[in-house]
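S.K.: Before I ask anything, here is the structure I am working with.
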Amino acid sequence: MHVFVTGATGWVGSAVVQELIEAGHQVTGLARSDDKAAVLAATGAKVVRATLEDLDILHRTACAADAVIHTAFNHDFSRFAENAEQDRRVIETLGGALEGSDRPLLVTAGLLGLTRGASELEVASPASPRKSEVAARALIERGVRAATVRLAPSVHGLGDHGFIPILIRLAREKGVSAYPREGNHCWAGVHRLDAARVYRLALEQGVTQAVYHAVADESVSFQAIAKAIGRGLGLPVGFREREHFGWFAHMASADMAASSAYTRALLGWTPNGPSLLDDLEQPGYYVG
């Protein structure tokens, strides 16, 4: 299968590219700079040099592929609304290239805004600021074989530059590894290589469902995460009000536990990477 992957040099996308190539698939990946293009080419993937603003290039490349995986997203939180709208336009463009065929499209979303312990059958609210899943469902209504992979809030592993490193930097700056006073809420977690297998398995099995959950640790206490970070940095751990977390307060206080029982059964997916808390015991998580 020839798969077009956006975000092909990103934290999740690069693992997806590796997973696909190792399984014998051909990959064309999107790279927005010369240095990222060189890294991608070294994996054996074909490179398309463009950005998410280059909708004509995205459309042409998707037209030439057997399947598309969209992992790219601009995580500049100061421009989140604009970036969410860009994401919607990209998904619409990719879906338009696949419309009228059975060629599948997998897009990427998160768990924010779902109920505690949500399953794959729960429909994301259209009021969610990120429009990935809403855009994918609109394509499904048009007959496109589209689906959403919902990632756990922590897609972890050495080299992680997601939400856990934000908490680590905050703990360093404040001198305490904190958890919000609101309650003993939980996050889900998944190792990045386990997450990549969800994308591959969903493609190989024909993208038969609207939503898949890349969730290995279904419910990890946020307090346990804070305590692990405290041990890793040699800092005290304690309650702090939401203001302590600044712009990250909404995420830090969100309850993002979720079930992946349906995805595991449907895809035959068994996560085998280290757990989130095991990863947080590695000294490498605190380097830099």
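S.K.: Looking for whichever is within 17 Å of Ala136 (Cα to Cα) and within 15 Å of the chain's Cα centre (by Cα) here; the options are His70, His75, His59. Which one fits?
M.R.: The conditions single out His70.
S.K.: Arg130 passes all but one of (1) surrounded by fewer than 22 Cβ atoms within 10 Å (Cβ to Cβ); (2) in the same structural domain as Asp279 (by TED's automatic domain parsing); which number fails?
M.R.: Among (1) surrounded by fewer than 22 Cβ atoms within 10 Å (Cβ to Cβ); (2) in the same structural domain as Asp279 (by TED's automatic domain parsing), the lone unmet condition for Arg130 is (2).
S.K.: What strands (runs of 3 or more DSSP E) lie completely within the stretch 99-180 and have 2 or more residues being among the hydrophobic types (A, V, I, L, M, F, W, C)?
M.R.: Qualifying strands (runs of 3 or more DSSP E): 105-109, 146-151.
S.K.: Moving to a separate point now. When the residues of the stretch 185-217 are narrowed to those that are over 12 Å from the mean Cα position of the chain (by Cα) and in a helix (DSSP H, G or I), which ends up farthest from Thr115 (Cα to Cα)?
M.R.: Glu204
S.K.: With the requirement that a residue be buried (at least 18 other Cβ atoms within 10 Å of the Cβ), modelled with pLDDT of 95 or more and of a type outside the set (A, V, I, L, M, F, W, C), what does the stretch 255-280 give you?
M.R.: Ser259, Ser260, Thr263, Pro271, Gly273, Pro274, Asp279
S.K.: Of all residues being part of a helix (DSSP H, G or I) and touching a residue at least 24 places away in the same chain (Cβ under 8 Å) in the stretch 42-59, which is surrounded by the most Cβ atoms within 10 Å (Cβ to Cβ)? Just the residue, please.
M.R.: Leu58
S.K.: Please determine, by comparing only the residues of the stretch 107-132 that are in contact with a helix residue (DSSP H, G or I) (Cβ under 6 Å, 6 or more places away or on another chain) and of a type in the set (A, V, I, L, M, F, W, C), which one is modelled with the highest pLDDT.
M.R.: So the residue we want is Val107.
S.K.: Is it the case that Glu85 is modelled with pLDDT under 95, in contact with a Ser or Thr (Cβ under 9 Å, 6 or more places away or on another chain), surrounded by fewer than 18 Cβ atoms within 10 Å (Cβ to Cβ) and acidic (Asp, Glu)?
M.R.: no
S.K.: Something else about it: State yes or no: is Trp247 modelled with pLDDT under 95 and either within 27 Å of Ala196 (Cα to Cα) or assigned to a helix (DSSP H, G or I) (or both)?
M.R.: Criteria met by Trp247.
S.K.: Which one of Ala202, Ala252 is farther than 17 Å from Ala109 by Cβ, surrounded by 15 or more Cβ atoms within 10 Å (Cβ to Cβ) and touching a Phe, Trp or Tyr at 6+ places or on another chain (Cβ under 8 Å)?
M.R.: Answer to the selection: Ala252.
For (1) touching a Pro at 6+ places or on another chain (Cβ under 8 Å); (2) assigned to a helix (DSSP H, G or I); (3) without any contact (Cβ under 8 Å) to a residue 24 or more places away in the chain; (4) over 22 Å from Ser132 (Cα atoms), each residue gets a yes or a no:
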residue: Ser219; (1), (2), (3), (4): no, no, no, yes
residue: Gly232; (1), (2), (3), (4): yes, yes, no, yes
residue: Ala254; (1), (2), (3), (4): yes, no, no, no
residue: Trp269; (1), (2), (3), (4): no, no, no, yes
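S.K.: Taking only the stretch 1-41 into account, find how many residues are closer than 21 Å to Asp66 by Cβ, among the charged types (D, E, K, R) and crowded, with 18+ Cβ neighbours inside 10 Å.
M.R.: Qualifying residue count, the stretch 1-41: 1.
S.K.: Moving to a separate point now. Any residue in the stretch 63-79 that is assigned to a helix (DSSP H, G or I), surrounded by 17 or more Cβ atoms within 10 Å (Cβ to Cβ) and either at pLDDT 95 or above or among the polar types (S, T, N, Q) (or both)?
M.R.: Within the stretch 63-79, none of the residues are assigned to a helix (DSSP H, G or I), surrounded by 17 or more Cβ atoms within 10 Å (Cβ to Cβ) and either at pLDDT 95 or above or among the polar types (S, T, N, Q) (or both).
The values are calculated or read from the model by the stated rules, or taken from the named source; none is laboratory data. Nothing here was measured: the structure is a model prediction, and the numbers come from that model. Quick reminder, even Gly has a Cβ in these numbers, built from the backbone with ideal geometry, and neighbours come from all protein chains shown.
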